[in-house]
Structures are given as structure tokens and as C-alpha cells.
Amino acid sequence: MAQEGLEGGCLCNAIRYKLNGPILFVSQCCCKDCQKATGTGHTTIIGIERDNLLLEGEPATYTNYGDTGGSVTRHFCGTCAGRLFTSGSLPGSVVMVQAGSLDEPSAVSPESVIYHKDAVAWDRFDPALPVFEAMPSRPTHNAVETSEAV
């Protein structure tokens with residue numbers, strides 16, 4: 001797991017952020033919403049407590065509802081549309097930062113694949129990663145320890 005202090009931002013740098021706390025998890029999400037939002041098979045997300053995401057700039061937002069019925073709000077730059085993070089009613093205080101928006105995306109590595117039930121046939125994942133058909137229970141924010149791998 002990567003250390004805190006990672007920085008990132010949108011394409012035009014109008015919005016910048018710093019992760020100022022421990023990373024709780026890093027997952028590759030294959031849900032249909034992430035596929036639509038990214039235009040590809042999955043996105044890599046970094047879970048962090050919202051209070052530990054320090055923002056410079058005000059992102060635009062778009063809210064819809066996930067398959068569990070909870071609200072999902074995507075935060076992005078209103079100028080360049082660069083995706084930054086996702087928040088929602090069910091993860092509560094945890095937000096999911098887009099790993100690709102980090103200045104150094106290779107500073108993190110996925111620990112699991114989630115929503116594999118929606119994965120497209122042509123997408124590929126590290127076979128060593130635990131795979132979950134949906135969102136695993138994360139009471140300790142570590143999918144490997146809190147849920148059964150599929």
C-alpha cells in the first residue's frame with residue numbers, strides 16, 4: 001500500500017489535491033457506472049477518508065444511483081472534465097480517488113477487483129488479485145481480510 005502525501009489533479013491543473021492520510025484500499029472497479037464514466041472496462045480507485053483529501057479548487061459534480069440504491073457523486077473539473085474522485089451515501093466518509101488522476105499513478109497498486117459481475121470479456125486483471133462479484137464488505141477497509149474472494 002502506498003504512503004500518504006500523494007498528489008494529483010485534473011488535466012488542466014485547475015483542481016489539485018493531496019492525500020493527507022492513510023490509504024484504506026486500492027481496487028479495480030468493473031461496475032457499469034465506472035465503465036460509462038471512464039469509457040473503458042474498469043477504473044482503479046483509491047479509498048481514503050474524505051477529511052484526508054485536501055482539495056484546491058471546486059470540482060463540478062454529477063450524481064446518480066448505484067445498483068445498491070445509494071447515491072454516487074462523481075467529482076470532476078468543470079473546465080477540462082478530468083475525473084478526480086467519487087463520493088456516495090453508502091461509503092459515507094470514504095471517497096474513491098481516481099488513481100489515474102495522481103501525478104504518479106504507479107505509486108499505488110490494486111489490491112482487489114470489485115464488481116467483477118459486470119466485467120467485460122476483453123478486460124484483463126492480475127490473476128493474483130482477489131476478485132469480488134460486487135462491493136465487498138469493508139468494515140476494516142481491507143477487502144482481502146473482510147470478504148470471501150470469488
Quiz prompt | Within straight-line cross-link reach of LYS18, aspartates and glutamates at Cα separation under 18 Å, skipping those fewer than 8 residues along the same chain | solution = GLU4, GLU7, GLU49, ASP51, GLU56, GLU58, ASP103, GLU104
Self-check item: Net length gained if the chain between GLU56 and GLU104 were fully extended (0.36 nm per residue, minus Cα distance)
Solution: 15.5 nm
Exercise. Starting from the alpha-carbon convex hull of region 88-132, give the projected area averaged over all orientations, in nm².
Key: 4.5
Practice problem: For LYS36, list the aspartates and glutamates whose Cα falls under 12 Å from its own Cα; do not include residues on the same chain fewer than 8 positions away. | Solution: ASP118
Quiz item: What relative contact order, as a whole-number percentage, does the chain give when Cα pairs under 8 Å and 6 or more residues apart are counted?
Solution: 25
Quiz item: Quick one: ILE45, ILE114, fewest Cβ neighbours within 10 Å first, how do they rank?
Solution: ILE45, ILE114
Quiz item: For the chain, with only Lys/Arg (+1) and Asp/Glu (-1) charged at the beta-carbon, what is the dipole magnitude about the Cα centre, in debye rounded to 20?
Solution: 360
Quiz prompt | If the convex hull is drawn through the Cα atoms of the chain, its volume per residue in Å³ | solution = 106
Self-check item: Integer Hz, Karplus 6.51/-1.76/1.60 couplings in order for region 80-88, x for Gly and Pro
Solution: 9, 6, x, 6, 10, 7, 10, 10, x
Self-check item: Overall Cα dimensions of region 18-91 - principal axes, largest extent first, Å
Solution: 29, 29, 22
Self-check item: Cα lying deepest toward the dipole's positive end in the chain, options GLY82, VAL97, PRO136, charges on Cβ
Solution: GLY82
Exercise. Sort MET135, MET96 so that the residue with the fewest other Cβ atoms within 10 Å of its own Cβ comes first and the one with the most comes last.
Key: MET135, MET96
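Only the coordinates and a few stated rules stand behind these numbers; no lab work does. It should be emphasised that the depicted structure is a prediction, and the values quoted were computed from it without experimental measurement. Counting neighbours? That spans all protein chains shown, and the Cβs are built from the backbone with ideal geometry, glycine included.
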